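Report on the structure given below.
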Amino acid sequence: MQQSPINNAQNHDMTKVGLSELVRLHIQDYFIAHNGELPASGLYKCVITEVERPLFQIVLNAVKGNQAKASKILGINRNTFRKKIIELGIVRVKRTKT
């Protein structure tokens, strides 16, 4: 049985591994988990959603729900940002007035 690359990666300092390497390891692990069978259709959308959801949530939380600031940080149009948070099912953070 082939060992999971994620388990192998955990033996290293993960703070020194780039995002693309982490994604590569997880995708490789995903294929290994299928025991030689190919995964079902839709892998691209699955991977993009898995990356986008936490990215949008963290950025939105960092700017206390300000969608204009979040979209600027991400480098996308604010309307595109709004559409994506709806698609991703992200609950909008209400900004508090100070």
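Tell me, which residue of segment 34-63 that is of a type outside the set (Gly, Ala, Ser) and in a loop (DSSP other than H, G, I, E, B) is modelled with the highest pLDDT?
VAL63
Mind checking whether some residue in segment 36-58 is among the β-branched types (Val, Ile, Thr) and surrounded by fewer than 10 Cβ atoms within 10 Å (Cβ to Cβ)?
No, segment 36-58 has no match at all.
The values are calculated or read from the model by the stated rules, or taken from the named source; none is laboratory data. This structure is a prediction, so every number in the text was calculated from the model and none was measured. Note: ideal-geometry Cβ built from the backbone for every residue, glycine included; neighbour counts use all protein chains shown.
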